[in-house]
Amino acid sequence: MPIITLSAEFVRTVTCPAGKKKENYYDASITGFILEVRASGGKTYALRYRDSHDRQIQQKIGDSKSISFDKAKTAAKLIRSRVVLGEDPATEKRKKRDVPTLAEYWRDKYYPHSIRSKRSSGSDLSIYRNHLMPKFGTSHLDEINQQSVLDYYHELLAKEYAKATCNRVLVLLRNMYNMAKKWKIAGAEINPVADIKLVDPNNAKERFLTSDEAKRLHVELEKSGNPQLKNIVSLLLLLGCRFRELLDSRWHEFDLERRSWRIPMSKSGKARHVPLSQAALSVLSQLPRWEGCQYVVPNPDTLKPYTSVFRTWNTARKNAGLPEVRIHDLRHSAASYMINAGRSIYEVAKVLGHAQLKTTSRYAHLSQETLLAAVDAAATATGIDWSHPQEAKVA
């Protein structure tokens, strides 16, 4: 264990002693700074120190052909100063190597967790593939910082993505970091999304189909190249259910005799029952069925639930002159029809499966005709013609 004053000249000329595979030369001026000289001719700078558990650690600085002596000496001083301050540079370096990229973390941990425990795993996958993977997939978890996330968020908003979509991108990324921290995955100690305030999506749009609009849409649905689209839209309007609830529905959930559909898992996380109108029963009775297929409105080509019907729906709504009407607006319209037919908000809430009436109130749209009838009824109830003077009765 020779102790000498290392220098650039010594490093250039020193060779490994004969009969040895390697020799370590310790620097006399910097504690632990060594030059490892091998019989093969290779020479490497390193710093040796003891960690908090009194274990000897050797941290490589670099090969003498890749780094100059002066730079190696400066690096040795920096590492040594960190050790004196109680840090463990080698352990931190190993942890750095263990930090996964976002793509690796998604593949190995988060997506398997999403599939097992989240009903929204399909939505997670779509958001990841379309947004997070292209932007941050190759970045290590500790390389993604608040500013880079904020810049991307503003970029999405500037491209006029729906505000709710932009928010979902950040919510998924935030959840990914929260779970990574819980699982003690290296690089997730700081959540870059934690303090970013989401914009208000203001997406409580009130769009309801009038009777005339519904008739125009019905005509276009009959022309659609998707034979199941008219059945899907009809049932959404007649049942007031959610799009995914209908697409995933199975025949054994329907009790046609009792006029009831039991949805085993609704958005609230509980099963709920939807009453079946005579009109809904009529549509259900006309649906095509395939042997061995349990789904109510499957894709005829796969006999599995549709993942999307957007293309054919978009064609039908545009041809009907309703380009702004969304699939979810059919649920809004179903609620509106019930309210305008004189049903109470409590009844409508029960049909829609809402736990809170304030949720139903968003859909409780009253048509102009209904409102006019209401004010006319109020005026009639007074028994007075307010447009003409009343004669006083003589006592």
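The values are calculated or read from the model by the stated rules, or taken from the named source; none is laboratory data. Note that this is a predicted model, so its numbers are computed, not measured. So basically every Cβ, Gly included, is an ideal-geometry build from the backbone, and we count neighbours across all protein chains shown. Side chains included, ligands, DNA and RNA excluded: accessible areas come from the protein's heavy atoms. Shrake-Rupley method; radii C 1.70, N 1.55, O 1.52, S 1.80 Å.
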Residue 15 meets each of (1) part of a strand (DSSP E or B); (2) more than 56 Å from the chain's Cα centre (by Cα); (3) among the polar types (S, T, N, Q) with one exception, condition (1)
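In this structure, does residue 63 turn out to be charged (D, E, K, R), under 21 Å from residue 86 (Cα atoms) and within 55 Å of the chain's Cα centre (by Cα)?
Details: charged (D, E, K, R): yes; under 21 Å from residue 86 (Cα atoms): no; within 55 Å of the chain's Cα centre (by Cα): yes.
In short, no.
Residues to consider are 19, 42; find the one that is farther than 21 Å from residue 82 by Cα and open to solvent by less than 30 Å² (accessible area, probe 1.4 Å).
Details: 19 fails: open to solvent by less than 30 Å² (accessible area, probe 1.4 Å).
From the options 19, 42, the qualifying one is 42.
How many residues does the range 133-146 hold that are open to solvent by 80 Å² or more (accessible area, probe 1.4 Å) and of a type in the set (Gly, Ala, Ser)? Don't jump to the end; show me each part of the working.
Just the residues of the range 133-146 that are open to solvent by 80 Å² or more (accessible area, probe 1.4 Å), to begin with: 133-135, 138, 143, 146.
Now narrow it down to the ones that are of a type in the set (Gly, Ala, Ser): none.
Going through the range 133-146 one residue at a time, the tally reaches 0.
Sort out which residues of the range 97-117 are surrounded by fewer than 13 Cβ atoms within 10 Å (Cβ to Cβ), closer than 26 Å to residue 265 by Cα and not aliphatic (A, V, I, L, M), and write them in order of number. Before you say what the answer is, go through the steps one by one.
Filtering the range 97-117 for residues surrounded by fewer than 13 Cβ atoms within 10 Å (Cβ to Cβ) gives 97-98, 108, 112, 115-117.
Narrowing the set further to residues that are closer than 26 Å to residue 265 by Cα leaves 112, 115-117.
Hits for the range 97-117 are 112, 116, 117.
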Residue check for residue 27: open to solvent by less than 90 Å² (accessible area, probe 1.4 Å), farther than 20 Å from residue 189 by Cβ and among the charged types (D, E, K, R) = yes
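I'd like the full set of residues that are open to solvent by 30 Å² or more (accessible area, probe 1.4 Å) and either among the basic types (Lys, Arg) or within 14 Å of residue 134 (Cβ to Cβ) (or both), limited to the range 147-164. Outline the logic, then answer.
Step one: list which residues in the range 147-164 are open to solvent by 30 Å² or more (accessible area, probe 1.4 Å), which gives 147-148, 150-151, 154-155, 157-163.
148, 155, 159, 161, 163 - these are the residues of the range 147-164 that are open to solvent by 30 Å² or more (accessible area, probe 1.4 Å) and either among the basic types (Lys, Arg) or within 14 Å of residue 134 (Cβ to Cβ) (or both).
When the residues of the range 186-213 are narrowed to those that are of a type in the set (A, V, I, L, M, F, W, C) and open to solvent by 30 Å² or more (accessible area, probe 1.4 Å), which ends up nearest to residue 317 (Cα to Cα)?
Looking only at the range 186-213, we keep the residues that are of a type in the set (A, V, I, L, M, F, W, C), and these are 186, 188, 190, 193-194, 196, 198-199, 204, 208-209.
Okay, now just the ones that are also open to solvent by 30 Å² or more (accessible area, probe 1.4 Å), so 190, 194, 198-199, 204.
On the way: 190: 46, 194: 40, 198: 31, 199: 29, 204: 21 Å.
Ranking the qualifying residues of the range 186-213, first place goes to 204.
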Looking at the structure I just gave you, is residue 64 open to solvent by less than 40 Å² (accessible area, probe 1.4 Å), closer than 30 Å to residue 173 by Cβ and not β-branched (Val, Ile, Thr)? no
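How about the range 165-185: which of its residues are among the basic types (Lys, Arg) and either within 17 Å of the chain's Cα centre (by Cα) or crowded, with 18+ Cβ neighbours inside 10 Å (or both)?
168, 174
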Filter the range 206-229 for residues that are of a type in the set (Ser, Thr, Tyr) and within 34 Å of the chain's Cα centre (by Cα); the one that is farthest from residue 321 (Cα to Cα) is 224
*Does residue 116 meet the test of being without any contact (Cβ under 8 Å) to a residue 12 or more places away in the chain, within 27 Å of residue 248 (Cα to Cα) and basic (Lys, Arg)?*
yes
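Select the helices (runs of 4 or more DSSP H) contained entirely in the range 100-169, then report the ones holding at least 1 residues which are at negative phi and acidic (Asp, Glu). Outline the logic, then answer.
Values: elements: 102-105, 111-117, 121-127, 133-136, 146-158.
In the range 100-169, the matching helices (runs of 4 or more DSSP H) lie at 102-105, 121-127, 146-158.
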Residue 130 passes all but one of the listed conditions (1) surrounded by fewer than 19 Cβ atoms within 10 Å (Cβ to Cβ); (2) touching a residue at least 12 places away in the same chain (Cβ under 8 Å); (3) out of contact with any strand residue (DSSP E or B) (no Cβ under 8 Å at 6 or more places or on another chain); the exception is number (2)
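Going by what's in this entry, would residue 12 be described as over 21 Å from residue 89 (Cβ atoms) and surrounded by fewer than 13 Cβ atoms within 10 Å (Cβ to Cβ)? Reasoning before the result, please.
Working: over 21 Å from residue 89 (Cβ atoms): yes; surrounded by fewer than 13 Cβ atoms within 10 Å (Cβ to Cβ): yes.
Against the criterion (over 21 Å from residue 89 (Cβ atoms) and surrounded by fewer than 13 Cβ atoms within 10 Å (Cβ to Cβ)), residue 12 qualifies.
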Across (1) within 28 Å of the chain's Cα centre (by Cα); (2) within 26 Å of residue 117 (Cβ to Cβ); (3) modelled with pLDDT of 95 or more, residue 252 clears everything bar (1)
Here the qualifying pairs (Cβ atoms under 6 Å; residues six or more apart or on different chains; first in the range 36-55 and closer than 20 Å to residue 66 by Cα and β-branched (Val, Ile, Thr); second outside any loop (DSSP other than H, G, I, E, B) and open to solvent by less than 50 Å² (accessible area, probe 1.4 Å)) come out as 37/23; 37/43; 44/36; 44/63
When residue 74 is run through (1) without any contact (Cβ under 8 Å) to a residue 60 or more places away in the chain; (2) open to solvent by 40 Å² or more (accessible area, probe 1.4 Å); (3) within 25 Å of residue 17 (Cα to Cα); (4) of a type in the set (S, T, N, Q), the failure sits at (3)
